[in-house]
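Step one of this worksheet: look at the structure below.
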Amino acid sequence: MKKNKSKKNKFFSFIFSCFGCVILAFLACFLAFRLSLAAPDSKASAKQVRLEIPSGVSISRIGEILVDNGLIRSDRAFYIAARFPFLSFRKTVPVMKSGYYNVNSSMGALEIMDLLESGLQDYTRVVIPEGLTVRKIASILENNEICQAGDFVAAACDAALLEKYSIPAETFEGFLFPDTYFFAPGMKAGDVLEIMVESFFDKVSGIPYYSGKSPASFYETLVLASIIEREYRVADEAPLIASVFRNRIEAGAGLYSCATIEYIITEIQGKPHPDVITYDDLKIDSPYNTYKWAALPPTPISNPGLVALRAAAEPAKTDYFYFTLTDSSAGKHTFSKSFNAHVKAGTQFKTKKSGSN
């Protein structure tokens, strides 16, 4: 009996020893697993990493991206923690969102996982004013480290993108809506451009004239809006300026817009913005010279905002053929039906201005 009892004791001791070894091995593995999820850097030596998570990538690929950027120790541990959430005391498998994130290297793998699941991306507020050209917008984007200016200009001339949006031109000039945007630094230029183009179509859909129409059908109106944008200073005068240009177009007269001359000088000739427009400038041989040709320029000369877009589509009904700036401080113009009245208004303004000096 004693011999059998001794054998049983040895057997149970062996079982308990094995069980203990398994527990210890499990604890050791779990501890190693948890350590591999810890941050690679301390707070003292931490650095900020701008991270891009492409659309449609797998959890394993996200882990590889994090390892490549020195943000986690093990992509395998990251994958296991995500696929088997109970190991990291989570309830569900995280759905991590694509985008651009600003990640601190003192963050652990689980903190990074939470950030990617939240979708709280790192954005930069970028203001695009009305009336800028593609090149000037590109410069603003580069200065804000959103994308390279050259890449944005190239994207604005991308034939595939132009075809996608049915743009009847060789560039997106005029179709980039001026607004306040929140972009992620280091974005692809094409993605930035498409956000602005989508915004344009969304905004103009609220104006009956443009709603439901193809870009080709309202392209000339867009060209006119781009000129109005560069001419008006007070919003309630934009429809009046639009009426002057419409009346001139219908009469077969030139638009005589200095804004188109400025476009030739700065955008086509690549010169600095002129302080004044000279008579020699008015003689420049270019299809954009509205002093020389009685027609609209071939393409928009700027990217107009809603005021100009609406004014071009819904001009005031007037008999005006001229306008001239007569209150520079308020940005007000005097509108005239005849050339004599136009000259008189300009002369009175110059006399008043010289008398006040």
Open item on the list: I'm checking my understanding of the structure. Among residues of the range 273-291 that are more than 17 Å from Ser226 (Cα to Cα) and in contact with a helix residue (DSSP H, G or I) (Cβ under 7 Å, 6 or more places away or on another chain), which one is least open to solvent (accessible area, probe 1.4 Å)?
Closed with: Ser286
Task: helices (runs of 4 or more DSSP H) (entirely within the range 155-266) containing at least 3 residues that are closer than 22 Å to Ser336 by Cα and out of contact with any Lys or Arg (no Cβ under 7 Å at 6 or more places or on another chain) - done: 215-231, 238-251
Task: Members of the range 213-236 that are open to solvent by less than 40 Å² (accessible area, probe 1.4 Å), out of contact with any helix residue (DSSP H, G or I) (no Cβ under 9 Å at 6 or more places or on another chain) and not aliphatic (A, V, I, L, M) - done: Tyr219
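Quick check: is even one residue across the range 75-91 in contact with a strand residue (DSSP E or B) (Cβ under 9 Å, 6 or more places away or on another chain) and among the charged types (D, E, K, R)? Full working, then the answer.
Initial filter on the range 75-91 (in contact with a strand residue (DSSP E or B) (Cβ under 9 Å, 6 or more places away or on another chain)): none.
No, the range 75-91 has no match at all.
Condition check ((1) at pLDDT 70 or above; (2) open to solvent by 100 Å² or more (accessible area, probe 1.4 Å); (3) more than 30 Å from Asp114 (Cβ to Cβ)) across all residues:
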{"residue": "Asn4", "(1), (2), (3)": "no, no, yes"}
{"residue": "Val22", "(1), (2), (3)": "no, no, yes"}
{"residue": "Cys29", "(1), (2), (3)": "no, no, no"}
{"residue": "Val49", "(1), (2), (3)": "yes, no, no"}
{"residue": "Ile53", "(1), (2), (3)": "yes, no, no"}
{"residue": "Gly63", "(1), (2), (3)": "yes, no, no"}
{"residue": "Ser88", "(1), (2), (3)": "no, no, no"}
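Having 1 or more residues that are among the basic types (Lys, Arg) is the bar; report the helices (runs of 4 or more DSSP H) wholly within the range 58-151 that clear it. Show your work before the answer.
On the way: elements: 59-68, 75-83, 109-118, 134-143.
Of the helices (runs of 4 or more DSSP H) lying wholly inside the range 58-151, those with at least 1 residues that are among the basic types (Lys, Arg) span 59-68, 75-83, 134-143.
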Task: Residues satisfying the stated conditions in the range 325-346, i.e. surrounded by fewer than 18 Cβ atoms within 10 Å (Cβ to Cβ) and not in a strand (DSSP E or B) - done: Ser328, Ser329, Ala330, Gly331, Lys337, Ser338, Phe339, Asn340, Ala341, Val343, Lys344, Gly346
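How about the range 94-121: which of its residues are touching a Pro at 6+ places or on another chain (Cβ under 8 Å) and open to solvent by 60 Å² or more (accessible area, probe 1.4 Å)?
Going residue by residue through the range 94-121, those that are touching a Pro at 6+ places or on another chain (Cβ under 8 Å) are 94, 98, 100, 105, 113-114, 116-117.
Within the range 94-121, just Asp114 meets the criteria.
The values are calculated or read from the model by the stated rules, or taken from the named source; none is laboratory data. All values derive from a computational prediction rather than experimental measurement. No Cβ is skipped: glycine too gets one built from the backbone with ideal geometry, and neighbour counts run over all protein chains shown. With ligands, DNA and RNA removed, areas are computed over all heavy atoms of the protein, side chains included. Shrake-Rupley method; radii C 1.70, N 1.55, O 1.52, S 1.80 Å.
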